[in-house]
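See structure below.
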Amino acid sequence: VLPFLGLTPYLVEAAGLHQWVVDAARMQLNYGALIVTFLGAVHWGLAMTSTLTGPRAAVMLRERYLWSVGPALLAWPVLNMETAPGSLMIALLLH
């Protein structure tokens, strides 16, 4: 949470670092995409270490692998967005 708070453009500007406002917003967006991707990686790790067997397990593993790559695929295009809509998308992905 600290990088999200510390990189808030309003707080950066209030700290007198006016030249860093745009960069802080971009860094906040990048950090958000990184966190979304990390959360997907948790699903990958759970799928890789699963010891379940049987037909139901195969379905569960497939779903887990989809959940593992989905966040990264959704966060990647956000990095090319303007910071305001990109921040909204990251917030929705983290929700």
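Conditions (1) open to solvent by 50 Å² or more (accessible area, probe 1.4 Å); (2) within 14 Å of the chain's Cα centre (by Cα); (3) without any contact (Cβ under 8 Å) to a residue 40 or more places away in the chain, marked per residue:
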| site | (1), (2), (3) |
| --- | --- |
| 23 | yes, no, yes |
| 27 | yes, yes, yes |
| 37 | yes, yes, yes |
| 57 | no, no, yes |
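How many of the residues making up segment 1-18 are in a loop (DSSP other than H, G, I, E, B) and more than 15 Å from residue 30 (Cβ to Cβ)? Can you show your working first?
Start the filter on segment 1-18 by keeping residues that are in a loop (DSSP other than H, G, I, E, B), which leaves 1, 7-8, 15-17.
Those left that are additionally more than 15 Å from residue 30 (Cβ to Cβ): 1, 15-17.
Qualifying residue count, segment 1-18: 4.
Among the residues of segment 45-55, is there at least one that is of a type outside the set (Val, Ile, Thr), under 17 Å from the mean Cα position of the chain (by Cα), more than 23 Å from residue 24 (Cα to Cα) and not in a loop (DSSP other than H, G, I, E, B)?
Yes - at least one qualifying residue is present in segment 45-55.
For segment 62-80, which residues satisfy the criterion of being open to solvent by 50 Å² or more (accessible area, probe 1.4 Å) and in contact with a Ser or Thr (Cβ under 9 Å, 6 or more places away or on another chain)? Talk me through it step by step, then tell me what you get.
At the first step, the residues of segment 62-80 found to be open to solvent by 50 Å² or more (accessible area, probe 1.4 Å) are 62-67, 69, 73-74, 76-77, 79-80.
Selection gives 64, 76.
Name the residue that is surrounded by the most Cβ atoms within 10 Å (Cβ to Cβ), counting only residues in segment 1-21 that are more than 19 Å from the chain's Cα centre (by Cα) and β-branched (Val, Ile, Thr).
Only one residue tops the list, namely 12.
Residues of segment 41-67 being among the small types (Gly, Ala, Ser) and at pLDDT below 90, which ones?
If the condition is that a residue be among the small types (Gly, Ala, Ser) and at pLDDT below 90, then 47, 50, 54, 57, 58 are the ones that fit.
Scan segment 39-55 for residues that are of a type in the set (A, V, I, L, M) and either touching a residue at least 60 places away in the same chain (Cβ under 8 Å) or open to solvent by 40 Å² or more (accessible area, probe 1.4 Å) (or both) and jot them down.
Pass one, segment 39-55, residues of a type in the set (A, V, I, L, M): 39, 41-42, 46-48, 52.
Result: 39, 41, 42, 46, 48, 52.
The values are calculated or read from the model by the stated rules, or taken from the named source; none is laboratory data. As the structure is a computational prediction, the values presented were derived from the model and not from experiment. Every residue, glycine as well, gets a Cβ built from its backbone with ideal geometry; the counts of neighbours run over all protein chains shown. Note: areas computed on protein heavy atoms with side chains; ligands, DNA, RNA excluded. Shrake-Rupley method; radii C 1.70, N 1.55, O 1.52, S 1.80 Å.
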